[in-house]
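So the structure is just underneath, and the comments pick up after that.
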Amino acid sequence: MADALKIGIAGLGTVGASLVRIIQQKSNELAATCGRPINITAVTARDKNKDRGINLGGIAWFDTPEELAAKADIDVFVELVGGSEGAAKASVKAALDRGLHVVTANKALLAYHGVEFAKIAEEKGSLLNFEAAVAGGIPVIKALRESLTGNSISRIYGIMNGTCNYILTKMEKEGLSFADCLAEAQRLGYAEADPAFDIEGNDTAHKLSILTTLAFGNQIAADDIYLEGITNISIEDIRAASDLGYRIKLLGVAQRTDTGIEQRVHPTMVPVDSVIAQVDGVTNAVAIESDILGELLMVGPGAGGNATASSVLGDIADIAKSQPGAQRVPVLGHPAKALEPYRKAQMQSHEGGYFIRLTVLDRTGVFASVATRMAENQISLESIVQRSQQHLSPSHHQTIILVTHATTEDSVRKAVAAIKGEGYLVGEPQVIRIERPKED
């Protein structure tokens, strides 16, 4: 049997502790599967004396991730610290500069420094693996880097944030407000004390930017994504979607167009009978559309200690099985030096159309005015429904729900802006894209 693979782990939170526990419990099985033992020889965390329920006896302790990466006697540096800068960035760079293999679950780090790190790893002949950075336990990175070789990918989309999916699922199933569902998610540990990064869509955007690069061979462009979170989704939107035969999900979508690459994160209405509409709770789902395979949908746990640790361990096992000097799969699916500059697509017509909810004063002529503003912006309406909202306020309000045919974001925004100027709108309008299944 080959010599043991020595790994150092930076970060012993939920994922790091789970990883240590799994490796120690399954040491014999891992050695047999990988053809060599996997030994944890060094670790670091914020508090050396904290009881994590794991045995760290005989394992070297380092005070900082940077020190572990630079000095530890290891073959693989596992970064589970988090964050796009600071210790995470410095330690990963130090490890790669040493020629060490690196495994990370850090999507923010890769979203902003992935290309730089990929170049170093490829120059050094090292592996940089990051399956756990996107969609937790779903092996979407391996699929894009290896399994779909030869496929030309046209679109990739999915549910990539468990916190948002849990909130939207609970709002629909229990009829609770967004605020109540967020509080419950925080109580259960699905949402952070400061949940903004998740609910405003940033987490999904980081993951999407990585998948976009793997799918289309462009440089990572995490800051060039249309971004809209779920904070404005109301129980009225959930109910209206249900009445129309849809469910609301926060989707990340990237697709190749004639003018470039389109990346967007936003709440989306999906048909209630579609597969992705059935993905509930903290579960994630990623769909890949390609010319050879067609559509591949992968569903699984998107977060949690064991799910993420499982993906990290898979990356470590791949390194253990790799042969020194063997041809490496490019870190980002394409040689880092050959990645094309990101070219943002021009705004195009959205084939699925839009859902628009307006709360208006109950005045004569309002209904006709709304329809006129839509027509002036060349928006064709599939349906328009008027509902009384007298229970919401002493003054008489009406809710107008519109579903459009294919049109552009620009046309919708201009029409809504014109309606705002009429003086009969109450509160902010709601605009949500609709994704319909493609025709066979």
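Scan the range 239-261 and give yes if some residue there is out of contact with any helix residue (DSSP H, G or I) (no Cβ under 9 Å at 6 or more places or on another chain), surrounded by fewer than 24 Cβ atoms within 10 Å (Cβ to Cβ) and on the phi > 0 side of the Ramachandran plot, otherwise no.
Checked against the condition, which is being out of contact with any helix residue (DSSP H, G or I) (no Cβ under 9 Å at 6 or more places or on another chain), surrounded by fewer than 24 Cβ atoms within 10 Å (Cβ to Cβ) and on the phi > 0 side of the Ramachandran plot, the range 239-261 yields at least one hit.
Name the residue that is surrounded by the most Cβ atoms within 10 Å (Cβ to Cβ), counting only residues in the range 342-358 that are in a loop (DSSP other than H, G, I, E, B) and in contact with a strand residue (DSSP E or B) (Cβ under 8 Å, 6 or more places away or on another chain). Explain how you work it out, then say what you get.
If we filter the range 342-358 for residues that are in a loop (DSSP other than H, G, I, E, B), which is where we start, we get 342-343, 345-348, 351-353.
Then drop every residue that is not in contact with a strand residue (DSSP E or B) (Cβ under 8 Å, 6 or more places away or on another chain), which leaves 342-343, 345-348, 352-353.
Working: TYR342: 18, ARG343: 15, ALA345: 16, GLN346: 11, MET347: 13, GLN348: 15, GLY352: 20, GLY353: 23.
Applying the filter and picking the extreme gives GLY353.
In the range 328-383, which residues are of a type in the set (S, T, N, Q) and within 26 Å of ILE432 (Cα to Cα)? Walk me through it before giving the result.
So the first thing to find is which residues in the range 328-383 are of a type in the set (S, T, N, Q), and the list is 346, 348-349, 359, 364, 369, 372, 377-378, 380, 383.
Within the range 328-383, GLN346, GLN348, SER349, THR359, SER369, THR372, ASN377, GLN378, SER380, SER383 qualify.
Out of contact with any helix residue (DSSP H, G or I) (no Cβ under 7 Å at 6 or more places or on another chain), among the aliphatic types (A, V, I, L, M) and either under 26 Å from VAL253 (Cβ atoms) or free of Cβ contacts under 8 Å to residues at least 12 places away in the same chain (or both): is that true of ALA105 in this structure?
Working: out of contact with any helix residue (DSSP H, G or I) (no Cβ under 7 Å at 6 or more places or on another chain): no; among the aliphatic types (A, V, I, L, M): yes; either under 26 Å from VAL253 (Cβ atoms) or free of Cβ contacts under 8 Å to residues at least 12 places away in the same chain (or both): yes.
The answer is no for ALA105.
Looking at (1) crowded, with 19+ Cβ neighbours inside 10 Å; (2) on the phi < 0 side of the Ramachandran plot, which one does LYS142 not meet, given that it meets all the others?
(1) is the only condition that LYS142 fails.
Which number in (1) of a type in the set (A, V, I, L, M); (2) within 11 Å of the chain's Cα centre (by Cα); (3) surrounded by fewer than 17 Cβ atoms within 10 Å (Cβ to Cβ) marks the one condition that ALA205 misses?
In the conditions (1) of a type in the set (A, V, I, L, M); (2) within 11 Å of the chain's Cα centre (by Cα); (3) surrounded by fewer than 17 Cβ atoms within 10 Å (Cβ to Cβ), ALA205 misses (3) alone.
For the list (1) buried (at least 21 other Cβ atoms within 10 Å of the Cβ); (2) β-branched (Val, Ile, Thr); (3) farther than 17 Å from TYR166 by Cα, I need the number of the one condition that VAL286 fails.
(3)
Among the residues of the range 386-418, which ones are at pLDDT 85 or above, within 13 Å of VAL366 (Cα to Cα) and out of contact with any Lys or Arg (no Cβ under 6 Å at 6 or more places or on another chain)?
Result: GLN398, ILE400.
Any residue in the range 294-310 that is assigned to a loop (DSSP other than H, G, I, E, B) and open to solvent by less than 30 Å² (accessible area, probe 1.4 Å)? I'd like the intermediate steps shown before the answer.
In the first step, residues of the range 294-310 are kept if they are assigned to a loop (DSSP other than H, G, I, E, B); the result is 302-304.
With the extra rule that they be open to solvent by less than 30 Å² (accessible area, probe 1.4 Å), the set shrinks to 302.
Among the residues of the range 294-310, at least one is assigned to a loop (DSSP other than H, G, I, E, B) and open to solvent by less than 30 Å² (accessible area, probe 1.4 Å), which makes the answer yes.
Here are some conditions: (1) open to solvent by less than 50 Å² (accessible area, probe 1.4 Å); (2) farther than 18 Å from ALA4 by Cβ; (3) among the hydrophobic types (A, V, I, L, M, F, W, C). PHE77 meets all but one. Which one does it not meet?
Unmet condition: (2).
Mind checking which residues of the range 85-107 are buried (at least 24 other Cβ atoms within 10 Å of the Cβ) and either out of contact with any strand residue (DSSP E or B) (no Cβ under 9 Å at 6 or more places or on another chain) or of a type in the set (Phe, Trp, Tyr) (or both)?
LYS107
Return yes when ILE199 is in contact with a Cys (Cβ under 8 Å, 6 or more places away or on another chain), closer than 30 Å to ARG256 by Cβ and either among the acidic types (Asp, Glu) or in contact (Cβ under 8 Å) with a residue 24 or more places away in the chain (or both) and no when it is not. It would help to see each step written out before you state the result.
Details: in contact with a Cys (Cβ under 8 Å, 6 or more places away or on another chain): yes; closer than 30 Å to ARG256 by Cβ: yes; either among the acidic types (Asp, Glu) or in contact (Cβ under 8 Å) with a residue 24 or more places away in the chain (or both): yes.
For ILE199, the condition - in contact with a Cys (Cβ under 8 Å, 6 or more places away or on another chain), closer than 30 Å to ARG256 by Cβ and either among the acidic types (Asp, Glu) or in contact (Cβ under 8 Å) with a residue 24 or more places away in the chain (or both) - is met.
This table checks each residue for (1) open to solvent by less than 40 Å² (accessible area, probe 1.4 Å); (2) among the aromatic types (Phe, Trp, Tyr); (3) on the phi > 0 side of the Ramachandran plot.
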{"residue": "GLY11", "(1), (2), (3)": "yes, no, yes"}
{"residue": "LEU19", "(1), (2), (3)": "yes, no, no"}
{"residue": "SER27", "(1), (2), (3)": "no, no, no"}
{"residue": "ALA31", "(1), (2), (3)": "yes, no, no"}
{"residue": "ALA45", "(1), (2), (3)": "yes, no, no"}
{"residue": "LYS50", "(1), (2), (3)": "no, no, no"}
{"residue": "TRP61", "(1), (2), (3)": "no, yes, no"}
{"residue": "THR64", "(1), (2), (3)": "no, no, no"}
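Kindly provide the set of residues from the range 163-196 that are of a type in the set (A, V, I, L, M, F, W, C) and in contact (Cβ under 8 Å) with a residue 60 or more places away in the chain, ordered by number. Walk me through how you get there before you give the answer.
Taking the range 163-196 and keeping what is of a type in the set (A, V, I, L, M, F, W, C), we get 164, 167-168, 171, 176, 178-179, 181-183, 185, 188, 191, 193, 196.
Those that are of a type in the set (A, V, I, L, M, F, W, C) and in contact (Cβ under 8 Å) with a residue 60 or more places away in the chain: CYS164, ILE167, LEU168, MET171.
Of these, ASP237, ASP223, ASP180, ASP194, which one is in a loop (DSSP other than H, G, I, E, B) and more than 15 Å from the chain's Cα centre (by Cα)? Talk me through it step by step, then tell me what you get.
Numbers: ASP237 fails: in a loop (DSSP other than H, G, I, E, B); ASP223 fails: more than 15 Å from the chain's Cα centre (by Cα); ASP180 fails: in a loop (DSSP other than H, G, I, E, B).
From the options ASP237, ASP223, ASP180, ASP194, the qualifying one is ASP194.
Checking ARG256 against (1) closer than 26 Å to THR399 by Cα; (2) assigned to a strand (DSSP E or B); (3) of a type outside the set (Ser, Thr, Tyr); (4) modelled with pLDDT under 95: exactly one of these is not met. Which one?
Here ARG256 meets the rest and fails (1).
Go through the range 154-177 and report how many residues are assigned to a strand (DSSP E or B) and open to solvent by less than 10 Å² (accessible area, probe 1.4 Å). Break it down stepwise before answering.
Just the residues of the range 154-177 that are assigned to a strand (DSSP E or B), to begin with: 154-159.
If we keep only those that are open to solvent by less than 10 Å² (accessible area, probe 1.4 Å) as well, we get 156, 158-159.
The number of residues fulfilling the criteria is 3.
The values are calculated or read from the model by the stated rules, or taken from the named source; none is laboratory data. Here the structure is a predicted model, which is why all the values come from computation and not from measurement. Positions of Cβ are backbone-derived with ideal geometry, glycine not excepted, and every protein chain shown enters the neighbour counts. Remember, those area values only see protein heavy atoms, side chains included, never the ligands or the DNA or RNA. Shrake-Rupley method; radii C 1.70, N 1.55, O 1.52, S 1.80 Å.
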